[in-house]
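Encoded as structure tokens, the structure appears first; notes follow it.
Only the coordinates and a few stated rules stand behind these numbers; no lab work does. Note that the structure is a prediction, hence the values are computed from the model and not measured. Cβ placement follows ideal geometry from the backbone for every residue including glycine, while neighbour counts extend to all protein chains displayed.
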Amino acid sequence: MSSAPPRPEAPSVAPIRLVHHGVLCLRLRWRLAALGALLDGHSFWATGRLPSQLERMLSGSQVVVSAWQGRDLVGFGRATSDGVFRAVLWDVVVAEEHQGRGVGRRIVEALLASPPVAAAERVYLMTTTGEGFYEKLGFSRVDGQRLMLKQTSGVG
Ligand SMILES: CC(C)(COP(=O)(O)OP(=O)(O)OC[C@H]1O[C@@H](n2cnc3c(N)ncnc32)[C@H](O)[C@@H]1OP(=O)(O)O)[C@@H](O)C(=O)NCCC(=O)NCCS
């Protein structure tokens, strides 16, 4: 009886790890260029943000989660919260080549499970193309309310 030839090994793919950042977000502060590149390349609303602006954005977010494959930043999301009434998710993005593998779900679930967001009675977000994704994660479309916007210079 002849034994089957050994199968060629599948190329090993490093697992994607989620990082829950502390208040200083040190790991991301060292990689602001990578964060800018992720947002520039895979979002349409958060392009052209300068490193100094990204640094302030991180400081102003109570919860920051990122996803890494080895040293590559492949996903990001953040939240602001008053810790009791309202929380808002912002800038959830997964690099295109990693989409459709559950990374976005893991990022949103991590944001929702974080104490500042979990404590809030309502969690909001704005989305242009991600409605179906967020519905899978338990969000519902709100028809009775309007999104209001005041454009400011943003200098600060
Ligand atoms: C939207 C985004 C964050 C989703 O991340 P992802 O890693 O691709 O999503 P996941 O693989 O975790 O998907 C989780 C579930 O949502 C579904 N899903 C993902 N994107 C979807 C979409 N645009 N519409 C409907 N369902 C979607 C998946 O099929 C999956 O369903 P399942 O659990 O039944 O298998 C990612 O595609 C992305 O960064 N897109 C570009 C930026 C963007 O549009 N962000 C949304 C804010 S406007």
Kindly provide the helix-only [θ] at 222 nm of the chain, computed as the sum of -39,500 (n - 2.57) over DSSP H runs of four or more divided by all residues, to the nearest 500 deg cm²/dmol?
-> -7500 deg cm²/dmol
With each pseudo-label sitting 7 Å past Cα toward Cβ, what's the Glu131-Trp45 distance in nm, one decimal?
-> 1.4
Distance in nm between Lys150 and Leu24 label points, each 7 Å along Cα→Cβ, equals 3.7
Counting other Cβ atoms within 10 Å, keep those with at most 14, restrict to DSSP loop, and tell me which chymotrypsin sites (Phe, Trp or Tyr not before Pro) in the range 77-139 are left.
-> Phe85
Taking GluC sites (Glu not before Pro) that fall in a DSSP loop and have at most 13 other Cβ atoms within 10 Å as cut points, what is the longest piece of the chain between them?
-> 10-120
Overall form of the range 41-140 per C-alpha gyration tensor (a/c, 1.5; a/b vs b/c) | oblate
Gaussian network model of the chain, Cα within-10 Å springs - most flexible of Val84, Val94, Val103 = Val84
Counting other Cβ atoms within 10 Å, keep those with at most 12, restrict to DSSP loop, and tell me which trypsin sites (Lys or Arg not before Pro) in the range 127-156 are left.
-> Arg141, Arg146, Lys150
Using a 10 angstrom cutoff on alpha carbons, build the Gaussian network for the chain and name the most mobile of Gly36, Gly138, Gly104.
-> Gly138
